[in-house]
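The values are calculated or read from the model by the stated rules, or taken from the named source; none is laboratory data. What you see is a predicted model; the values in this text were computed from it and never measured. Here the Cβ is made from the backbone with ideal geometry for all residues, glycine too, and neighbour counts use every protein chain on show. Remember, those area values only see protein heavy atoms, side chains included, never the ligands or the DNA or RNA. Shrake-Rupley method; radii C 1.70, N 1.55, O 1.52, S 1.80 Å.
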Amino acid sequence: MSGLFPGFLILSAAMFAIGAAGVLVRRNPIVVFMCIELMLNSANLALVTYARYTHTMAGQVFALIVIAVAASEVVVGLALITGVYRSGRRLDLDELSEMSE
Amino acid sequence: MSVVFGLAAVIAFLGALGVVLSQRTIYSAMSLVLNMVALAVLFLLLDAQFIAAVQIIVYAGAVMVLFVFIIALLSPGAEERLRSVELRLLLGGVGAVAFTLLIGRLTLNGITVGAHGRLHGALGPFSPVAVNAHGQVQTLGDQLFTTYLLPFEVTSLLLLVAAVGAVYLSRRRRQLA
């Protein structure tokens with residue numbers, strides 16, 4: 001069973017790297033938010049993996065908290081995106097980079 | 001066990017790639033759902049049944065429905081044209097591969113895991129057998145409301161702030177302008 005331990009961690013690292021690359025590469029803010037979700041998910045995977053293999057509970061508790069944080073982050077982020085959309089701008093991060101009202 | 005792990009890992013990996021590489025936003029969202037469901041399977045493999053259920057309910061249920069709703073509402077019809085994206089994609093891909101190799105190397109170097117595939121250091125009291133004997137959700141709840149009470153309360157405060165912030169951000173600004 002513990003032979004799978006590096007597999008979980010490498011999958012988690014790969015997902016985090018893909019999410020980080022997506023945040024840097026994509027210009028659509030909705031996709032960027034989804035990439036952030038991907039990164040949070042990979043962190044969850046690492047937390048639960050360590051909780052399982054060190055026989056502790058902290059990882060699972062904090063995975064739960066990370067899920068709550070991700071949910072609230074999505075709510076605020078999507079509210080921001082709808083606000084930008086309503087102000088009549090195109091949803092393109094390169095054009096919104098100055099972040100001025 | 002390892003067959004299920006391999007299958008779920010491949011699906012999760014392909015889902016993650018699909019999020020970044022899809023041309024249409026809605027395909028990205030569907031790839032993310034795929035990724036999250038595969039992750040729930042992995043959580044089940046890791047004896048974290050409650051986290052797996054929460055993953056399905058909160059992420060694949062609530063969060064992704066919110067995403068799809070926003071995509072449908074805003075309908076960013078003109079999808080991202082790949083104008084200067086090729087160089088960026090190349091750089092991003094190289095960075096991602098380098099980071100993964102780095103973490104993989106660090107994972108296998110004998111600091112976290114020894115040569116025999118076991119973690120160094122003493123194991124905690126929550127072995128899967130002990131946890132399942134007491135009940136997985138019961139153990140998690142006990143820990144959440146005793147040892148980790150402060151993070152739990154801070155999380156509730158965070159949810160409140162997020163709800164207030166979302167309402168503030170998304171209301172009409174007629175009186176402000």
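Has region A:85-93 got any residue that is closer than 25 Å to B:Phe99 by Cα and either modelled with pLDDT of 90 or more or surrounded by fewer than 17 Cβ atoms within 10 Å (Cβ to Cβ) (or both)? Within region A:85-93, one or more residues are closer than 25 Å to B:Phe99 by Cα and either modelled with pLDDT of 90 or more or surrounded by fewer than 17 Cβ atoms within 10 Å (Cβ to Cβ) (or both). Taking the conditions exactly as written (open to solvent by 10 Å² or more (accessible area, probe 1.4 Å), small (Gly, Ala, Ser) and modelled with pLDDT of 90 or more), does A:Ala43 satisfy them or not? Yes, satisfied.
Considering only residues in region B:23-50 that are within 8 Å of chain A (Cβ to nearest Cβ) and outside any helix (DSSP H, G or I), the one that is surrounded by the most Cβ atoms within 10 Å (Cβ to Cβ) turns out to be B:Ala48. A:Gly88 falls short on exactly one of the conditions (1) more than 7 Å from every other protein chain (Cβ to nearest Cβ); (2) touching a helix residue (DSSP H, G or I) at 6+ places or on another chain (Cβ under 8 Å), and that condition is (2). Based on what the data block shows, is A:Phe16 touching a residue at least 40 places away in the same chain (Cβ under 8 Å), more than 7 Å from chain B (Cβ to nearest Cβ) and of a type outside the set (Val, Ile, Thr)? Spelling it out, it is not the case that A:Phe16 is touching a residue at least 40 places away in the same chain (Cβ under 8 Å), more than 7 Å from chain B (Cβ to nearest Cβ) and of a type outside the set (Val, Ile, Thr).
Quick one: count up the residues across region A:2-13 that are open to solvent by 20 Å² or more (accessible area, probe 1.4 Å) and more than 7 Å from chain B (Cβ to nearest Cβ). So the count comes out to 0. For region A:21-38, indicate whether the set of residues that are more than 7 Å from every other protein chain (Cβ to nearest Cβ) and acidic (Asp, Glu) is non-empty. The answer is no; no qualifying residue exists. Report whether or not A:Thr49 is facing chain B (nearest Cβ under 7 Å) and at pLDDT below 90. Answer is no for this residue.
Of A:Ala58, A:Ala68, all but one fail to be at the interface with chain B (Cβ under 7 Å from one of its Cβ atoms) and without any contact (Cβ under 8 Å) to a residue 24 or more places away in the chain; the exception is A:Ala68.
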